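*Asks:* Please read through the structure below; I'll follow up with questions.
Every number in this text was worked out from the coordinates using simple rules, so none of it is lab data. Please read these numbers as outputs of a predicted model, since none were measured by experiment. Here the Cβ positions follow ideal geometry from the backbone for every residue, glycine too, while neighbour counts run over all protein chains shown.
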């Protein structure tokens, strides 16, 4: 199937305050990743949450009792276009941005790129796979936000 045969529905929901970016940038980033990875999505929702909310999700759905930066859930049946939800911690992005010397917005967008790549089938359970995902995150962040030809 060609990527254009299914309309991409990309949604953004802000469940926390002081988010350093807007829906348009998030949608542009997700769209660019999906299009360039030649995947199809039926529906992808990015939900920006607080640390207490992502901890609750992590405990309830993954049985992990710790904060995390991003959690991605694929909801589609096998063989169907992707339907997914990506939960991103705005609080964790702010904390880690300070640790890495990045902006809060850049770190948040990195998490969104990371979650999007997970929904497309990328994994990061070993060093090589983590490195591949990190390179893809950098590629898409640079392509969307720093490439003057775009």
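*Asks:* Going through the stretch 10-38 one residue at a time, which ones are in a strand (DSSP E or B) and under 20 Å from residue 81 (Cβ atoms)?
*Replies:* Hits for the stretch 10-38 are 10, 11, 12.
*Asks:* Which residue is farthest from residue 73 (Cα to Cα), if the candidates are limited to the stretch 100-129 and must be in a helix (DSSP H, G or I), touching a helix residue (DSSP H, G or I) at 6+ places or on another chain (Cβ under 9 Å) and without any contact (Cβ under 8 Å) to a residue 60 or more places away in the chain?
*Replies:* If we take residues in the stretch 100-129 being in a helix (DSSP H, G or I), touching a helix residue (DSSP H, G or I) at 6+ places or on another chain (Cβ under 9 Å) and without any contact (Cβ under 8 Å) to a residue 60 or more places away in the chain, then 100 is farthest from residue 73 (Cα to Cα).
*Asks:* Go through 66, 61 for me and flag whichever is touching a helix residue (DSSP H, G or I) at 6+ places or on another chain (Cβ under 7 Å), over 23 Å from residue 27 (Cα atoms) and surrounded by fewer than 20 Cβ atoms within 10 Å (Cβ to Cβ).
*Replies:* When all the criteria are applied, what remains is 66.
*Asks:* Look at residue 25 and say whether it is farther than 22 Å from residue 123 by Cβ, surrounded by 16 or more Cβ atoms within 10 Å (Cβ to Cβ) and in contact (Cβ under 8 Å) with a residue 12 or more places away in the chain.
*Replies:* yes
*Asks:* Of 54, 71, which residue is part of a strand (DSSP E or B) and buried (at least 19 other Cβ atoms within 10 Å of the Cβ)?
*Replies:* 71
*Asks:* Given the condition touching a residue at least 12 places away in the same chain (Cβ under 8 Å), buried (at least 16 other Cβ atoms within 10 Å of the Cβ) and in a helix (DSSP H, G or I), answer yes or no: does some residue in the stretch 39-49 qualify?
*Replies:* No, the conditions are met nowhere in the stretch 39-49.
*Asks:* Which of the following residues is outside any helix (DSSP H, G or I), under 16 Å from the mean Cα position of the chain (by Cα) and more than 20 Å from residue 130 (Cβ to Cβ): 85, 77?
*Replies:* 85
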